[in-house]
Amino acid sequence: MDLREAAGALGVHYQTAYGWVRQGVLPARKVGRGYAVSEADVAALAAQRRLGTEPTRPIRVRDWAAQSQALHAAIATGDETAARHHVDRLAAGVPVVDLCEQVIAPALRRIGDDWATGRISIAQEHRASAICERPTATYARQPARRPHGIAIVATPPGERHSLPALMAAACLREDRWLVHHLAADLPVEEVTRLADQAGARLVVLSTAMSQTARQAQHAAAAITATHPHLTMLAGQPSDHLYDLLTRAASPQAASASQQR
């Protein structure tokens with residue numbers, strides 16, 4: 001449909017719809033002197049507005065490192081109010097995957113370095129992770145549009161760091177996966193049982209330590225042996241969330257990563 005038809009379907013003035021196109025809120029392609037919009041994108045935006053969530057203007061971040069440093073300063077001192085204000089402001093205008101990859105994850109890596117060098121205690125390290133976990137959970141919304149498929153996100157036995165798995169779940173949901181997030185330290189047979197019950201086609205095992213990364217590889221191999229129809233992704237501590245989304249979308253890329 002053209003943009004004027006889209007504006008009518010959304011119940012807004014043409015200029016409002018045009019502004020959403022310019023801001024990147026409503027995907028569109030230039031056709032001659034106008035714009036063409038897919039019915040699916042219009043329906044998704046309409047569903048978002050029915051839920052009471054109006055489109056927001058994207059935020060262009062010039063210095064991601066500075067944003068991560070500001071979050072690190074807040075969580076290192078336990079200032080949850082400042083940390084929440086900082087990430088909520090960014091979350092209003094940047095993709096969840098960018099927020100997690102560019103801001104939260106680097107801040108937490110610095111917290112890990114602070115603990116390793118004795119600058120903070122293990123209690124302060126746990127406090128910093130908990131501060132980041134609470135807002136991240138609020139951004140992990142299930143997709144409003146038809147999902148790509150059903151995914152299971154968990155950690156292998158022995159891995160008790162739950163935040164990386166939560167961030168993976170949030171990013172997959174933003175990428176239109178219907179995600180069952182199982183948190184941390186789950187037996188392999190429980191993961192496969194739920195995958196069967198839910199009709200999943202993707203299973204992600206998230207890790208934060210090299211020891212549990214090896215366990216994740218073994219668990220992935222065991223699941224693949226009994227459930228060859230599942231796409232298995234066993235994460236490494238150094239993996240990026242951008243790579244997760246690429247591998248989730250491409251079974252071939254996922255297979256290659258499993259063979260590393």
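The values are calculated or read from the model by the stated rules, or taken from the named source; none is laboratory data. Computed from a predicted structure; not experimentally measured. Cβ placement follows ideal geometry from the backbone for every residue including glycine, while neighbour counts extend to all protein chains displayed. The protein model used for the area step is the full one, side chains on, heavy atoms only, and it has no ligands, DNA or RNA in it. Shrake-Rupley method; radii C 1.70, N 1.55, O 1.52, S 1.80 Å.
The figures follow:
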quantity: Test: residue in the range 46-64 that is loosely packed, with under 14 Cβ neighbours inside 10 Å and either aromatic (Phe, Trp, Tyr) or touching an Asp or Glu at 6+ places or on another chain (Cβ under 9 Å) (or both); calculated: no
quantity: Residue 99, sole failed condition from (1) touching a residue at least 40 places away in the same chain (Cβ under 8 Å); (2) farther than 27 Å from residue 209 by Cβ; (3) among the hydrophobic types (A, V, I, L, M, F, W, C); calculated: (2)
quantity: Residue list for the range 157-202, filter: surrounded by fewer than 22 Cβ atoms within 10 Å (Cβ to Cβ), out of contact with any Lys or Arg (no Cβ under 9 Å at 6 or more places or on another chain) and among the acidic types (Asp, Glu); calculated: 175, 189, 190, 196
quantity: Positions within the range 206-226 being open to solvent by less than 50 Å² (accessible area, probe 1.4 Å), touching a strand residue (DSSP E or B) at 6+ places or on another chain (Cβ under 8 Å) and within 15 Å of residue 191 (Cβ to Cβ), in sequence order; calculated: 206, 207, 216, 217, 219, 220, 223
quantity: Failed item, numbered, when residue 139 is tested on (1) open to solvent by less than 60 Å² (accessible area, probe 1.4 Å); (2) at pLDDT 90 or above; calculated: (2)
quantity: So residue 109, is it open to solvent by 60 Å² or more (accessible area, probe 1.4 Å), assigned to a helix (DSSP H, G or I), without any contact (Cβ under 8 Å) to a residue 24 or more places away in the chain and not hydroxyl-bearing (Ser, Thr, Tyr); calculated: yes
quantity: The range 18-40, residues that are open to solvent by 30 Å² or more (accessible area, probe 1.4 Å), over 16 Å from residue 93 (Cβ atoms) and not aliphatic (A, V, I, L, M); calculated: 18, 27, 29, 30, 32, 33, 35, 38, 39
quantity: Within the range 141-251, strands (runs of 3 or more DSSP E) holding 3 or more residues that are among the aliphatic types (A, V, I, L, M) and under 30 Å from residue 44 (Cβ atoms); calculated: 150-154, 202-205
